[in-house]
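Engineer: Structure in structure tokens, see below.
The values are calculated or read from the model by the stated rules, or taken from the named source; none is laboratory data. The model shown is predicted, which means the values in this text are computed figures rather than measured ones. Cβ placement follows ideal geometry from the backbone for every residue including glycine, while neighbour counts extend to all protein chains displayed. These accessible areas exclude ligands, DNA and RNA; they are computed on the full protein's heavy atoms, side chains included. Shrake-Rupley method; radii C 1.70, N 1.55, O 1.52, S 1.80 Å.
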Amino acid sequence: MRTMSFAAALLAIGATTLPAQSPRTLELRPMAGATIPTGAQRDLFKDAPLIGFGVAMQVHPNLHLVGSFGWMREHTRYAVTQNDANRYQYDAGVELSLERPLGAAWTVRPFFGLGAGARTYNFQAQTLATRTCAAGYGALGSEFRLGATALRLEARDNVFCYKSPIIGQDSHTRNDLTFSFGAAYHLW
């Protein structure tokens, strides 16, 4: 928790020292992709498609504040008759990037990001409880921009606590990978 507080303090200090003439733009970011469970999480869940939506605010040419929401319909490996679940992930973070020209009209913006939020697992089976727990991520990707529109590729390594839907079992730290393709619409 100290690390998160320290990172938030550094971000706040950095944001207050940004030049006043920095261009501020709002971006809308629809996306689609897939999540691949790793380690012990793979014993409980199968690979699944993901759809989602994000927003970003460019507060400096190389710094974006971002927020996103994703939904997945997951097929679990729990021994129940209705073993599907809806997973909701919501988070906020930062992206640091470098923008470079890529020909006369295109620009490329490789980026990395960090963020935190939560996940909710809503199971169909009435014997499995709905659970919400904290999550964090590290991201790498690139954006290819032409005018006000861009195509985005992003890979995320997600780390989260997973509370078992079976009452009386402990929570554990788990991991999965998300790969997504999307667009970014720069509004101003």
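Engineer: Rounded to the nearest 20 Debye, what is the dipole magnitude of the chain about its Cα centre when Lys and Arg each give +1 and Asp and Glu each give -1 at the C-beta?
Structural biologist: Dipole of the chain, to the nearest 20 debye: 80 debye.
Engineer: Tyr121: accessible area at probe 1.4 Å, nearest 10 Å²?
Structural biologist: 10
Engineer: For the chain, what is the mean residue ellipticity at 222 nm derived from helices alone (per DSSP H run of n ≥ 4: -39500 (n - 2.57); sum divided by total residues; nearest 500 deg cm²/dmol)?
Structural biologist: Calculated from helices alone, the mean residue ellipticity at 222 nm is -2500 deg cm²/dmol.
Engineer: Oh, and also: Ignoring ligands, DNA and RNA, please state the percent of accessible area on the stretch 60-182 from carbon and sulfur, probe 1.4 Å.
Structural biologist: After summing per-atom areas, the C and S share lands at 63 percent.
Engineer: While we're here: Sum up the charges of everything whose Cβ sits under 11 Å from the Cβ of Thr132, counting Lys and Arg as +1 and Asp and Glu as -1, but leave Thr132 out.
Structural biologist: +4
Engineer: Against the longest alpha carbon principal axis of the chain, how many degrees, from 0 to 90 and to the nearest 10, is the axis of helix 2-16 turned?
Structural biologist: Once rounded, the angle reads 20 degrees.
Engineer: Around Asp91, what is the net charge, scoring Lys/Arg as +1 and Asp/Glu as -1 over all other residues with Cβ under 11 Å from its Cβ?
Structural biologist: Charge balance near Asp91 sits at +2.
Engineer: Excluding Ala32 itself, calculate the net charge of residues whose Cβ lies under 12 Å from the Cβ of Ala32, where each Lys or Arg counts +1 and each Asp or Glu counts -1.
Structural biologist: Neighbour charge sum, excluding Ala32 itself: +1.
Engineer: With the other protein chains left in place, how much accessible area per residue, in square angstrom, belongs to the chain at a 1.4 angstrom probe?
Structural biologist: Per residue, the chain has an accessible area of 54 Å².
Engineer: Give the residue list of trypsin sites (Lys or Arg not before Pro) in the stretch 57-89 that are DSSP loop and have at most 13 other beta-carbon atoms within 10 angstrom.
Structural biologist: Arg77
Engineer: Size of the dipole of the stretch 103-188 about the Cα centre, Lys and Arg at +1 and Asp and Glu at -1 on the beta carbon, nothing else charged, in debye to 20?
Structural biologist: 100
Engineer: Continuing with this model, one more query. Answer rounded, prolate or oblate for the chain, using the Cα gyration tensor with square roots of eigenvalues a ≥ b ≥ c: rounded when a/c is under 1.5, else prolate when a/b is larger than b/c, else oblate.
Structural biologist: The shape class here is prolate.
Engineer: Between Glu27, Glu154, Glu99, where does the largest GNM mean-square fluctuation fall for the chain, given springs only between Cα atoms within less than 10 Å?
Structural biologist: Judging by the Gaussian network model, the answer is Glu99.
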